[in-house]
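K.L.:
Pasting in a structure now, in structure tokens, and then I'll have a few things to ask.
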Amino acid sequence: MDIRTALQERILIIDGAMGTMIQRYKLQEADYRGERFRQWHKDVKGNNDLLSITRPDIIVSIHEQYLEAGADIIETNTFSSTVIAQADYDMQSLAYELNLASARCARQAADRYTDQNPAKPRFVAGAIGPLNKTLSLSPDVNNPGYRAVHFDEVVDAYYEQVKGLCDGGVDVLLIETIFDTLNAKAAVFAIKKYFRDIDKPELPIMISGTITDASGRTLSGQTLEAFYVSLMHAKPLSIGLNCALGAREMRPHIEELSQIAGCYTSAYPNAGLPNAFGEYDEQPGQTAHIIEEWAANGWLNIVGGCCGTTPDHIRHIAREVSRYEPRILPVTEKELIAH
């Protein structure tokens with residue numbers, strides 16, 4: 001069964017936070033370095049993607065905990081696995097290897113669970129993060145026209161990431177936590193260029209943006225509808241929202257998206273809003289109760305959790321939404337959408 005068939009049958013569950021789970025292990029600098037990077041000239045603690053190479057046992061275990069909780073889709077541990085993001089650690093040369101290793105960790109876990117229950121196939125989503133540099137905004141308030149990175153550089157970085165993820169065996173490519181749509185367009189361009197170059201059919205693309213505050217706009221200033229319209233040329237499998245907001249705050253945006261999107265919709269909110277210490281207090285039952293209403297209203301095709309969520313959150317969400325049918329794709333009037 002492929003993912004499109006599964007989406008027609010039920011609401012699919014995507015996993016929860018990787019970083020939250022890694023924090024539970026209370027890893028130190030030596031854990032991140034392993035033997036291979038024992039003499040590395042920079043601190044690497046906090047480079048969670050590196051653990052796919054130095055502590056794959058931990059990453060596979062986290063994937064398995066989410067699969068055990070009921071996740072249909074698990075995301076690779078590759079949120080920062082690009083030459084641009086890895087420059088913080090002088091590990092640009094590892095970008096391809098990080099994606100390959102992370103994809104293999106997820107593939108190993110997903111295949112094990114699919115083999116146990118072939119009627120419930122598990123899918124691997126290659127996670128493509130937003131980067132720590134933006135194409136639309138200047139990092140210098142005194143020079144609005146300045147850009148820390150250029151479009152071709154972003155395309156090249158994403159192209160290498162896509163190659164590693166595909167070589168590692170992912171099922172779909174997930175461009176996630178988008179706060180700058182131009183970065184996302186570069187990722188889409190890189191994906192399509194990669195598959196043209198290797199002359200093979202494209203993998204499905206999932207797209208997930210982030211609404212940063214109560215204004216209902218992305219950080220680069222787009223409304224949700226503008227964000228959707230400006231990325232539909234990619235013909236994504238799904239479009240949705242993740243991060244920044246808890247389920248309660250995300251609700252009106254998911255309702256809006258469910259009404260305008262001609263593709264499948266996804267949502268994976270944080271476990272509420274962070275407290276004064278940057279921690280997330282919303283309990284699994286609370287998150288699941290809010291999301292259950294979305295499912296009952298027919299707004300969902302894919303749902304899970306982002307920052308602060310755990311396998312317990314995913315288990316509760318999976319149980320609550322299992323009683324409901326997936327959102328039916330609307331017939332959209334494409335001639336009214338200006339591309």
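Taken together, the values in this text are just the output of simple stated rules run on the coordinates, not laboratory data. Bear in mind that the values here come from a model prediction, so they are computed numbers and not experimental data. Note that we place each Cβ from the backbone using ideal geometry, even for glycine, and neighbour counts take in every protein chain shown.
K.L.:
Report, ordered by chain and residue number, the aspartates and glutamates lying within cross-link reach of Lys120, taken as a straight Cα distance under 20 Å and ignoring same-chain residues fewer than 8 apart.
P.N.:
Asp2, Glu9, Asp15, Glu64, Glu68, Asp72, Glu75, Asp111, Asp171, Asp312, Glu320, Glu325
K.L.:
May I ask you to evaluate 6.51 cos²θ - 1.76 cosθ + 1.60, the Karplus curve with θ = phi - 60°, for each residue of the range 234-248 and list the ³J(HN,Hα) values in order in whole Hz, giving x for glycine and proline?
P.N.:
Result, rounded to whole Hz: 6, 6, x, 5, 8, 9, x, 10, 8, 6, 6, 10, x, 4, 4.
K.L.:
Taking the DSSP beta bridges in the chain as the whole, what percent of them are antiparallel, to the nearest 5?
P.N.:
Among the beta bridges of the chain, antiparallel pairing accounts for roughly 5 percent.
K.L.:
I'd like the antiparallel share, as a percent to the nearest 5, of DSSP beta bridges with both residues in the range 217-339.
P.N.:
Approximately 10 percent, going by the DSSP bridge assignments.
K.L.:
Would you work out the charge dipole size for the range 238-293 about its Cα centre, treating the Cβ of every Lys and Arg as +1 and the Cβ of every Asp and Glu as -1, and quote it to the nearest 20 debye?
P.N.:
Here the range 238-293 has a charge dipole of around 120 debye.
K.L.:
If you rank Ser80, Ser61, Ser258 by fewest surrounding Cβ atoms within 10 Å, what's the result?
P.N.:
With the sparsest Cβ surroundings first, the list reads Ser61, Ser258, Ser80.
K.L.:
Cross-link list Lys45/Lys200; Lys45/Lys163; Lys200/Lys235; Lys26/Lys192; Lys26/Lys185: which exceed 28 angstrom alpha carbon to alpha carbon?
P.N.:
With Cα atoms farther than 28 Å apart: Lys45/Lys200; Lys26/Lys192; Lys26/Lys185.
K.L.:
With loop defined by DSSP as not H, G, I, E or B, and exposure as at most 14 other Cβ atoms within 10 Å, which is the longest segment of the chain clear of exposed chymotrypsin sites (Phe, Trp or Tyr not before Pro)?
P.N.:
Of all site-free stretches, the longest is 147-276.
K.L.:
Right, another one. Rank the residues His41, His289 as a footprinting-exposure proxy: fewest other Cβ atoms within 10 Å of their Cβ go first.
P.N.:
His41, His289
K.L.:
Tyr25 to Arg10: extension gain in nm, 0.36 nm per residue of separation minus the Cα-Cα distance?
P.N.:
2.1 nm
K.L.:
Relative to the Cα centre, what is the charge dipole magnitude of the chain, using +1 at the beta carbon of each Lys and Arg, -1 at the beta carbon of each Asp and Glu, and rounding to the nearest 20 debye?
P.N.:
Dipole magnitude for the chain comes out near 320 debye.
K.L.:
Still on this structure, I have one more. Starting from the alpha-carbon convex hull of the range 92-146, give the projected area averaged over all orientations, in nm².
P.N.:
5.7 nm²
K.L.:
Using just the Cα positions, wrap the range 3-325 in a convex hull and report its mean projected area in square nanometres, one decimal place.
P.N.:
16.2 nm²
K.L.:
Please state the shape class of the range 142-262: rounded when a/c is under 1.5, otherwise prolate if a/b exceeds b/c and oblate if not, all from the C-alpha gyration tensor.
P.N.:
oblate
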